[in-house]
Amino acid sequence: MHQARTTCPYCGVGCGVLAHVDDDRLTDVEGDGDHPANYGRLCVKGSALAETLGEHGRLTRPRVDGVEVDWDTALDAVAERLQATRDAAGDQAVAAYLSGQLLTEDYYVANKLFKGFIGTPHLDTNSRLCMASAVAAYKRSLGADAVPCSYEDLEEAELVVLVGSNLAWNHPVLYQRLRTAKTRNPLMRVVVIDPRVTDSCEIADLYLGLAPGSDARLFNGLLAWMADKGKLDTIYLEQHTRGLDEALAAAREDDCTVEAIAADCDVDAERLETFFYWFASQLHVVTLYSQGINQSSSGTDKCNAIINCHLAGGKIGLPGAGPFSITGQPNAMGGREVGGLANQLAAHMDYDSPGAIQRVTRFWSKASLTPTLPEGPGHKAVELFEAIERGEVQALWVMATNPAVSLPDANRVRAALAKCPLVIVSECMADTDLMPYADIVLPASSWSEKNGTVTNSERRISRQRGLLLPPGEAHHDWWIIAQVAHRLGYGEAFAYEHPAEIFAEHARLSGFENAPDHPGHRARMFDISALAALDREGYDALAPIQWPVTADVPHGTARLFEDGRFATADGRARLFPVRPRGPVQALDATHSLRLNTGRVRDQWHTMTRTGRAARLMNHRAEPFIEIAPEDAQALGLGDQQLARLTSATGEYRGRVRLSRGQRRGEVFVPIHWTDRFSARALAGSLLAAHVDPLSGQPEAKHGAVAVTPL
Ligand code: SF4
């Protein structure tokens, strides 16, 4: 028996886990008391990790056209069919769809193969569904996709504002840290802004149950209120920002009396002004936001409206202060670091970052091998499946995710997959909703077997360690991708034998030609070049560390922008003018209820892992529809009754749960159930595929549905 340190594979908190390993079995887990994300805590999902393991249900052999084959045959088939697609339809007919469940090393190798050597920009990730709007807003305001805060800022704040975040369920350990901090500091206040009354409200001093989609109006109103009451930090604004006048002018295009804002947001005016006063009078304010803000057709603007208020009050770059986006997935940030988004190139460089294409080309070149990088961004997730539908993308490699469930308008996505000439699926589990569409299936390793790094929501890189052997013939994703690269003729650039070599290369690229006087420097906050010298031993022993990690800051960086210099060309942050827009999915006479979707406390994604632990199923055992009692009564629905939701695009069946925390005219359904568990409980099928125009993030919080008894 021995103990090993690793990282929880579920949410973006990224808790450290102490795993107890007995021979070839992981018998138990506990929180790692030395990990700065959780200091020994685990939530119910993390503490049940040992119960979710085992070979039952795992994919253990490759399959080609439904027939089990050996790895050589499968890898040859992948390479030959990808090449045939390129020859017949061009490099850009090939695409990849990745996942925030992949490790950074997997992501890096995939990005290098697809963008670097196949030459297609069409590589995107399910992280697009999670935090793309937050990324776009940080870049627009701060000049880089750089989360300014650390978790300890939540504990040091005087005011914590949770917007569109049910922290208690979705980032439970962070919620525990906040609750403890509030107990220790009775002066700390917590405000929850959310259409639903959630468990996070238990520690709220003030709750604003705003109308869905009115967040930007509320924060625009706050900005105007701060200006009107003389609560702007004029010195900070003058020295470190630009754009205040434009942002204020945009906010004032709407009536900025508290009463008018309250009416538009459907909240009590007195409570709203109390929030405004609290926000404006405290310096140490953290606004923490998540999918309730991001999953919107105007998510980027909503994030910018929040950031504007922080910049206007100088509430950033200080202990206990900042606009803090919390990612959903364990490695949503690691994927961003290596270019896992279709609009990124690599190492936080965009296609239009000065000299980026040439720099990455130089870095990836070998003596006899020159990469052929695309010239511009590729299709974001929803666009990618539309391109498949049009027949433009003809070969898709999906890794560690299930677009047949998680994307909006899921039935249309399934139809697109059905007509795609080549679908390759790398997956741990044998039976998923995606498998019927797969021509080639590749068995991948899973948590406790994979060996690499992830980055959590506070920019902290942690090791996920390989503790057990993968079952059957399952292999690591980076190995599978590198083997295909060899067969495509790029072996010289993919001669990896261990993930430590990939990490070192990734770290070198993060600092490559990133000298302080280089024109792209300020836009490249992501620099971990001080970790490039790690050998296997050093990599194995790597302790959690927050980027940037450079020669100047070898122990990492807890907080960004402390010097008031931002990652923009002139070093100033920008207040961005925001004009609030409502949801695109319109209610009508038939579909008159506003649909909200989200996670439940004890489940993760499509439950392929968490669904294996009996105690995790006890919390919510079946698909459900939460609805206000008054609405249920008006519609003839009783508690626990089966009902059907219908939209213009799909249908969902679940059991009615009456909830006093639900606003009238709105319903909530969980995203976890799929057709495998219960016929027609596919939340994604109810949502139309509208996205934020800048970030491409789908509007998953604002469907339009009807409900009828079953
Ligand atoms: Fe895992 Fe998130 Fe729970 Fe931590 S809070 S144990 S990372 S699921």
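The values are calculated or read from the model by the stated rules, or taken from the named source; none is laboratory data. None of these values were measured; they are calculated from a predicted model. Note that each Cβ is placed from the backbone with ideal geometry, even for glycine, and that neighbours are counted across all protein chains shown.
Here are a few things to note about the model shown:
- Candidates GLU449, GLU427, GLU513, GLU458: the one that is under 30 Å from GLU389 (Cα atoms) and among the charged types (D, E, K, R) is GLU427.
- Screening the range 19-44 for residues that are among the β-branched types (Val, Ile, Thr) and closer than 21 Å to ARG615 by Cβ and picking the one that is nearest to the ligand (Cβ to nearest atom) gives VAL44.
- Among the conditions (1) within 27 Å of ARG362 (Cβ to Cβ); (2) at pLDDT 95 or above, ALA144 misses just one, which is (2).
- One residue from ASP570, ASP552, ASP535 being over 25 Å from the mean Cα position of the chain (by Cα), surrounded by fewer than 22 Cβ atoms within 10 Å (Cβ to Cβ) and touching a residue at least 40 places away in the same chain (Cβ under 8 Å): ASP570
- The condition (being in a loop (DSSP other than H, G, I, E, B), in contact (Cβ under 8 Å) with a residue 60 or more places away in the chain, aliphatic (A, V, I, L, M) and out of contact with any strand residue (DSSP E or B) (no Cβ under 8 Å at 6 or more places or on another chain)) is satisfied by just one residue among LEU345, LEU318: LEU318.
- Screening PHE219 on (1) more than 24 Å from the chain's Cα centre (by Cα); (2) surrounded by 23 or more Cβ atoms within 10 Å (Cβ to Cβ) shows it passes everything except condition (1).
- Subset tally (residues that are among the hydrophobic types (A, V, I, L, M, F, W, C), in a helix (DSSP H, G or I) and over 25 Å from the mean Cα position of the chain (by Cα)) for the range 361-389: 2
- Filtered residue count, the range 464-502, keeping only those that are within 27 Å of the chain's Cα centre (by Cα) and of a type in the set (S, T, N, Q): 1
- Total residues in the range 157-184 satisfying the condition of being surrounded by fewer than 23 Cβ atoms within 10 Å (Cβ to Cβ) and touching a His at 6+ places or on another chain (Cβ under 8 Å): the figure is 1.
- Answer residue from the range 1-18, given it is surrounded by fewer than 22 Cβ atoms within 10 Å (Cβ to Cβ) and touching a residue at least 40 places away in the same chain (Cβ under 8 Å) and is nearest to the ligand (Cβ to nearest atom) among those: ARG5
- Where ALA551 falls short, out of the listed (1) closer than 20 Å to LEU102 by Cβ; (2) not in a helix (DSSP H, G or I): (1)
- Applying a threshold of 8 Å to beta carbon distances and a minimum spacing of six or more residues, or different chains, the list of pairs starting in the range 220-232 at a residue that is modelled with pLDDT of 95 or more and ending at one that is charged (D, E, K, R) reads ASN220/ASP254; GLY221/ASP254; ALA224/ARG252; TRP225/LYS231; TRP225/GLU273.
- Scanning the range 369-400 for residues that are of a type in the set (Val, Ile, Thr) and touching a Gly at 6+ places or on another chain (Cβ under 8 Å) gives THR372, VAL382.
- Within the range 35-61, residues that are closer than 16 Å to LEU467 by Cβ and of a type in the set (Val, Ile, Thr) have Cβ atoms under 8 Å from residues that are part of a loop (DSSP other than H, G, I, E, B) and within 14 Å of the ligand (Cβ to nearest atom) in these pairs: THR52/ARG609; THR52/ALA613, counting only partners at least 6 apart in sequence or on another chain.
- Matching residues, the range 187-206, being hydroxyl-bearing (Ser, Thr, Tyr) and in contact (Cβ under 8 Å) with a residue 40 or more places away in the chain: THR198
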